[in-house]
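What follows is a structure written as C-alpha cells; I'll ask about it next.
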Amino acid sequence: MSFEPPREVTDPKAMRALAHPIRLALIEALADHPALTATEAGELVGESPANTSFHLRQLAKYGFVEEAEGGTGRRRPWKLKHLGTRISDVHDDLETVRAAREVERVMLDRYFARAQRALLESAALPPDWRDAQTISQTRLYLSAEELTQLGKDLRDLVMERYADRRTERPPGTERVELLTLGYRQP
C-alpha cells in the first residue's frame with residue numbers, strides 16, 4: 001500500500017473539517033484497511049452508511065481521503081490519501097490558530113480516552129501484554145530545539161523499526177498505540 005508523505009495541514013477549513021470525532025474515527029478505520037465502502041466503514045465506527053458517506057465526502061473535499069479503485073455507486077470504496085497528518089498551531093493568522101487548536105483538542109480527547117480505557121481494562125489481558133504495557137514519565141531541562149530534536153528522533157526510531165507495521169499485521173501481533181507527549185510545563 002503506497003501513500004504520499006504525511007500531509008501538513010495549514011488550511012483552517014481543512015482543520016475544521018478534520019476536527020470531528022466521526023471523521024477522525026473514519027481516518028483511523030481507513031488506516032487499518034486498504035479501502036472501505038461507506039457501509040463497511042460505518043459498521044466499524046458505529047454510524048449509518050448515509051452519515052458515513054457524508055463524512056467521507058467531506059474528508060475527500062479537503063484531501064484526506066480519495067476514492068479507491070474497484071467500485072461503483074453505493075459500493076464505492078474509499079482509501080486514505082496520506083498516512084499521517086501534521087497540524088501546528090504556530091501561524092500568524094488567528095483563524096488558523098483557532099482551527100488548529102480545535103482539531104488538536106478533539107484528537108487529544110480521543111487519544112486520552114482510548115488510553116485511559118485500555119489501561120484501566122488491562123487486568124483482563126494476558127500476563128505478557130500486561131507486563132508489556134508502559135507508562136513512563138520523565139522531567140528534563142531542555143531547550144526548544146532539543147525537545148524538537150528529541151521528538152524527531154523518537155518518530156524516526158519507531159518508523160525505522162516498524163514503519164510497515166502501520167498497515168501490515170504479522171502473525172502474533174496486536175494493534176498497539178504509542179502516545180508521545182513533550183511539552184513545556186507551565
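Is it the case that region 4-26 has a residue that's touching a strand residue (DSSP E or B) at 6+ places or on another chain (Cβ under 7 Å), in contact (Cβ under 8 Å) with a residue 12 or more places away in the chain, of a type in the set (Asp, Glu) and within 25 Å of Tyr183 (Cβ to Cβ)?
yes
Quick check: anything in region 67-77 in contact with a helix residue (DSSP H, G or I) (Cβ under 9 Å, 6 or more places away or on another chain), within 20 Å of Met107 (Cβ to Cβ) and assigned to a helix (DSSP H, G or I)?
Scanning region 67-77, I find no residue that is in contact with a helix residue (DSSP H, G or I) (Cβ under 9 Å, 6 or more places away or on another chain), within 20 Å of Met107 (Cβ to Cβ) and assigned to a helix (DSSP H, G or I), so the answer is no.
Among (1) charged (D, E, K, R); (2) outside any strand (DSSP E or B); (3) touching a Lys or Arg at 6+ places or on another chain (Cβ under 6 Å), which single condition is Glu47 missing?
(3)
Name the pairs whose Cβ atoms lie under 6 Å apart, with the first residue in region 151-176 and surrounded by 10 or more Cβ atoms within 10 Å (Cβ to Cβ), the second not acidic (Asp, Glu), and 6 or more positions between them or separate chains?
Filtered contacts from region 151-176: Gly151/Gly182; Leu154/Thr180; Thr167/Met1.
Quick check on this structure: which one of Ala60, Ala50, Ala35 is among the hydrophobic types (A, V, I, L, M, F, W, C) and touching an Asp or Glu at 6+ places or on another chain (Cβ under 7 Å)?
Unique residue meeting the criteria: Ala60.
Using the structure shown, decide if Val90 is within 25 Å of Lys13 (Cβ to Cβ) and either outside any loop (DSSP other than H, G, I, E, B) or touching a residue at least 60 places away in the same chain (Cβ under 8 Å) (or both).
Judged against the criteria, Val90 is not a match.
Here is a further query. Among the residues of region 166-179, is any outside any loop (DSSP other than H, G, I, E, B) and under 17 Å from the mean Cα position of the chain (by Cα)?
yes
Right, next: What residue, of Ala100, Ala123, Ala163, Ala113, is more than 19 Å from the chain's Cα centre (by Cα) and part of a helix (DSSP H, G or I)?
Just one listed residue meets the conditions, Ala123.
Without any contact (Cβ under 8 Å) to a residue 60 or more places away in the chain and among the polar types (S, T, N, Q), is that true of Ser143?
Yes; evaluated as a whole, the condition is true for this residue.
Listed residues Glu40, Glu8; which is part of a helix (DSSP H, G or I) and either closer than 30 Å to Val90 by Cβ or not aliphatic (A, V, I, L, M) (or both)?
None of the others qualify; the one that does is Glu40.
Coordinate-derived values only; no laboratory data. Predicted model, so just to flag it, every value in this text is computed and none were measured. Positions of Cβ are backbone-derived with ideal geometry, glycine not excepted, and every protein chain shown enters the neighbour counts.
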